[in-house]
2 protein chains.
Amino acid sequence: MKYGVAIFPSKKLQDLANSYRKRYDPHYALIPPHLTLKNAFELSEEEIKNAVEKLEFVAKNHTPFKMSAFKISSFQPVNNVIYMKVEPTPELESLHQELNANLNGEDSEYSFVPHITIAQKLSDEEHSDVYGSLRMLGVEHEEVVDRFHLLYQLENGSWTVYETFRLGEG
Amino acid sequence: MKYGVAIFPSKKLQDLANSYRKRYDPHYALIPPHLTLKNAFELSEEEIKNAVEKLEFVAKNHTPFKMSAFKISSFQPVNNVIYMKVEPTPELESLHQELNANLNGEDSEYSFVPHITIAQKLSDEEHSDVYGSLRMLGVEHEEVVDRFHLLYQLENGSWTVYETFRLGEG
């Protein structure tokens, strides 16, 4: 089964992200707005218990931290994903690094760029139009992250939460 | 903010439910297949901490239990909802009762009929057609429930998981 690890930002930031995703992100209906901490990876039924223990360990090892979304950016020319850029604080970097060191799955070929996707799978022309206007709108938001979630993917591509991990709890 | 409490069944049962929901349930994209333990209710930011403590208390008070979906049924003539009927075991009844006694929100005017919705908002004619064929297909599934989730609703009507509660853990 395919699993992933993500942070759901506050309702306020999710509502803002969804106001864009609704039009520009074909994954709009598959998962709420999120910041991916670990990309999709495979776990068998035998492996899941062990993985949950590792996630509990990583969660206990971190305390709640400030997360700041400070501009609209794009991964172009790599791909046409437009996103809210999240400040790569030491806390986020460490959370990402520990999750990837402790769980299955290959290391990403890209370095970690914390982000919340708001548009993807656009044509080059759409990307250029949409990015032009979203970039002008910008984003300026700060909140405290105190949890992350382990999710699994259904056959239709959508994601269900398996478990929540609160930071700093023993 | 609007909250609700639900059980997500196994991936296997969710995939089966989604194969019907895709065509017959306009809420398909808003939330994964689920069994509602407590309908939508309001919680302020001040109330959420206390509500989580109550949910932890209820979760500890129960142990994992068998859940069985054993037929396709309909709420007609009350409404045109078609669902997988889940056996109303004492464990489920008690979980439902305690959650509703411990949290805000009005008691439902209906008695608790544990179910996983697979079709809704159909016209009478559609309902009659769809119910006729789904009822013939039936369902026969048993699994163990060991957790439930507290969710909140976004402005677009979709639901995000706030927290997971594992049964029987202290």
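Coordinate-derived values only; no laboratory data. Just so it is clear, the model here is predicted, and its values are computed rather than measured. Virtual Cβ from ideal backbone geometry, glycine too; neighbours counted across all protein chains shown.
Computed from backbone phi with θ = phi - 60° and the Karplus coefficients 6.51, -1.76 and 1.60, the 3J(HN,Hα) list for segment B:139-156 is 7, 8, 8, 9, 8, 9, 9, 10, 6, 9, 10, 9, 10, 10, 9, 7, 4, 7 Hz; x is used for glycine and proline. Averaged over the residues of peptide B:6-14, the number of Cβ atoms from other protein chains lying within 10 Å of each residue's Cβ is 3. Shortest first, A:V52 label-point distances to identical copies amount to 1.9 nm, with the label point at 7 Å from Cα along Cα→Cβ.
Of the GluC sites (Glu not before Pro) found in segment A:1-86, those that fall in a DSSP loop while having at most 10 other beta-carbon atoms within 10 Å are A:E45, A:E46.
Only helical DSSP H runs with n ≥ 4 go in: add -39500 (n - 2.57) per run for chain B, normalise by residue count and round the 222 nm mean residue ellipticity to 500 deg cm²/dmol.
About -10000 deg cm²/dmol.
For the peptide A:138-151, the mean number of other protein chain Cβ atoms found within 10 angstrom of a residue's Cβ is 1. Along the charge dipole of segment A:2-166, which of A:P90, A:N61, A:N18 sits closest to the positive end, that is, farthest toward it, with unit charges on the beta carbon of Lys, Arg, Asp and Glu (+1, +1, -1, -1)? The listed residue farthest towards the positive side: A:N18. Rounded to the nearest 0.05, the FRET efficiency derived from the C-beta distance between A:E140 and B:K54 at R0 = 30 Å is 0.25. The phi torsions of segment A:70-77, fed into the Karplus equation with coefficients 6.51, -1.76 and 1.60 and a -60° offset, translate into couplings of 10, 6, 9, 9, 9, 8, 4, x Hz, rounded to whole numbers, with Gly and Pro shown as x.
Annotation: amide H of A:I72 within the under-5 Å range of A:K85, A:G138, A:V139, sequence separation 5 or more or interchain, hydrogens built in the peptide plane. Using a label position 7 Å from Cα in the Cα→Cβ direction, what is the ascending list of nm distances from B:N79 to the same site in the other copies? Relative to the other copies, B:N79 has label-point distances of 3.8 nm. Label-point spacing at B:D129 relative to the other copies reads 3.6 nm, in ascending order, each point sitting 7 Å out from Cα along Cα→Cβ. Summarising the amide proton neighbourhood of A:Y162: residues at separation of 5 or more, or on other chains, whose placed amide H is nearer than 5 Å comprise A:L150, A:L151, A:Y152.
Using a Förster distance of 25 angstrom, determine the FRET efficiency expected from the C-beta separation of A:L30 and A:N104, and round it to 0.05.
According to the calculation, E is roughly 0.70.
Per residue of B:157-166, other chain Cβ atoms within 10 Å of the residue Cβ number 6 on average. Pairs A:K22/A:K60; A:K54/B:K66; A:K121/B:K85; A:K12/B:K38; A:K85/B:K121; A:K85/B:K60: which exceed 32 Å Cα-Cα? In this structure, A:K22/A:K60; A:K121/B:K85; A:K85/B:K121; A:K85/B:K60 lie more than 32 Å apart at Cα.
Using the Cβ-Cβ distance between B:N61 and B:D124 with R0 set to 35 Å, the FRET efficiency works out to roughly 0.25.
Ranking of B:S94, B:S158 by neighbouring Cβ atoms within 10 Å, starting from the fewest: B:S94, B:S158. About its Cα centre, the dipole of segment A:2-166 is roughly 580 debye, where the only charges are +1 on Lys and Arg Cβ and -1 on Asp and Glu Cβ.
One Cα centroid belongs to segment B:28-74, the other to segment A:110-128; the line between them spans 35 Å. Each of B:V78, A:Y3, A:L103 was scored by the projection of its Cα onto the charge dipole of the protein assembly as shown, and the greatest displacement toward the positive side belongs to B:V78; charges sit on the C-beta of Lys, Arg, Asp and Glu. Each Lys and Arg contributes +1 and each Asp and Glu -1, all at the Cβ; summed about the Cα centre of the protein assembly as shown, the dipole is approximately 340 debye. The GluC sites (Glu not before Pro) found in segment A:69-170 that occupy coil by DSSP, while having at most 13 further C-beta atoms within 10 Å, are A:E106, A:E109, A:E140, A:E155, A:E169. Fewest neighbouring Cβ atoms within 10 Å first, the residues A:K66, A:K38 line up as A:K66, A:K38. Ordering A:N50, A:T160, A:S123 by Cα displacement along the dipole of the protein assembly as shown toward the positive end leaves A:S123 in first place; charges were set at the Cβ atoms of Lys, Arg (+1) and Asp, Glu (-1).
Helix B:11-24 against the longest principal axis of chain B: what's the angle in degrees, Cα atoms only, rounded to the nearest 10? Orientation of helix B:11-24: about 50 degrees from the principal axis.
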